[in-house]
Amino acid sequence: MVATHLTWNLLDDLRQLFEFPFMVNAFRAGTIVAVVAGAIGWFMVVRRQAFAGHTLALVGFPGAAGAVWLGISASWGFFGFCVATALLIAVLRPERGDRYGEESAGIGTVQAFALASGFLFISLYRGFLNGINALLFGSFLGITNQQVLVLLVVGVTALVVLAAVGRPLLFVSVDPDVAAARGVRVRRLSVLFLVLLGLTVAEVSQITGTLLVFALLVMPAATAQLLTARPALSMTITIAFGVVVTWLALAVAYFTPYPIGFFVTTFAFAGYVAAAAVRHSPWRRSRRPAFAG
């Protein structure tokens, strides 16, 4: 194992980061994941479907564990289980009535069953489970060129589809009742978005792990929406913040023995706290226009 250490020479530290092919692939994969997670996560927060995103993240664990038990790549388990669960959530999602209450109950049921399945797959697997920490908490080690290519193809596909339906999806996300009255196919867009969310979760899980995938999905978007209500600017900040957090996490994880998922979550949380402080600062409040009654 090659020893790595930080120095006072920034250029030398950067050279160490990109000295080995696995780190180059880690930065490539991390950038793809951060961009896709930022775009999809922004809509997830606007649509108030954070619980669905959290459940899809947890579903990646039994998917990957089941794939390892069957002797196939964990990536197939991530994508297969996440997309299948997204479709199941879409079927269980009520069209009218108490949308959020009924949807949460259905999603919670799916989540409990998925976690139980994951523990079953682990108990059935008789091999060496040294990779279980990577499934749960993420790892940037061993990312191959083929995996980067798969992430790129899936990510570009998801972004192209999102760009094609972005305007009506935003309309549906802000006011579904008015959108339905205007002839927008609310149900189809909701199902499509859940599938995109499932693909994104499967992508991000391979970097952050299933327990911490939520960090890249919700924290950059929540941070950006604290700073501005303008959709285009907010999404731009979301993606940029996610990329910076991922790069910093990869760099720090490379020089320490701790999992990357921890650093992704810590840096993203720090950004959120800073944005909240700026939003509620007396200086910002004093700059708001006052309207006389």
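The values are calculated or read from the model by the stated rules, or taken from the named source; none is laboratory data. Here the structure is a predicted model, which is why all the values come from computation and not from measurement. When we count neighbours, we look across all protein chains shown, and the Cβ atoms used for this are built from the backbone with ideal geometry, even at glycine.
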Taking segment 151-191 and keeping residues outside any helix (DSSP H, G or I) and under 29 Å from Gly80 (Cβ atoms) leaves Arg185
Ile260 meets each of (1) at pLDDT 95 or above; (2) surrounded by 20 or more Cβ atoms within 10 Å (Cβ to Cβ); (3) farther than 13 Å from Val45 by Cβ with one exception, condition (1)
Per the filter on segment 201-218, residues under 15 Å from Phe269 (Cβ atoms), modelled with pLDDT of 80 or more and of a type in the set (Val, Ile, Thr) are Val218
Problem - Ser139 vs. criteria assigned to a loop (DSSP other than H, G, I, E, B), modelled with pLDDT under 80 and either more than 22 Å from Ala37 (Cα to Cα) or not basic (Lys, Arg) (or both) - result: yes
Among Leu162, Leu151, the single one that is at pLDDT below 90 and surrounded by 18 or more Cβ atoms within 10 Å (Cβ to Cβ) is Leu151
Checking Ala37, Ala74, Ala57 in turn, the sole residue that is more than 14 Å from the chain's Cα centre (by Cα), in contact (Cβ under 8 Å) with a residue 24 or more places away in the chain and within 21 Å of Thr246 (Cβ to Cβ) turns out to be Ala74
Handout entry: Filter result for Gly198 (under 23 Å from Phe61 (Cα atoms), modelled with pLDDT under 85, part of a helix (DSSP H, G or I) and of a type in the set (Gly, Ala, Ser))
Key = no
The residue that is nearest to Phe214 (Cα to Cα), considering only those in segment 229-287 that are basic (Lys, Arg) and either touching a helix residue (DSSP H, G or I) at 6+ places or on another chain (Cβ under 6 Å) or assigned to a helix (DSSP H, G or I) (or both), is Arg279
If you go through Ala67, Ala29, the only one that is free of Cβ contacts under 8 Å to residues at least 60 places away in the same chain, farther than 22 Å from Gln225 by Cα and part of a helix (DSSP H, G or I) is Ala67
The residue from Leu56, Leu14 that alone is under 23 Å from Val160 (Cβ atoms), of a type outside the set (Ser, Thr, Tyr) and assigned to a helix (DSSP H, G or I) is Leu56
Scanning segment 227-242 for residues that are β-branched (Val, Ile, Thr) and surrounded by fewer than 19 Cβ atoms within 10 Å (Cβ to Cβ), the one modelled with the lowest pLDDT turns out to be Thr228
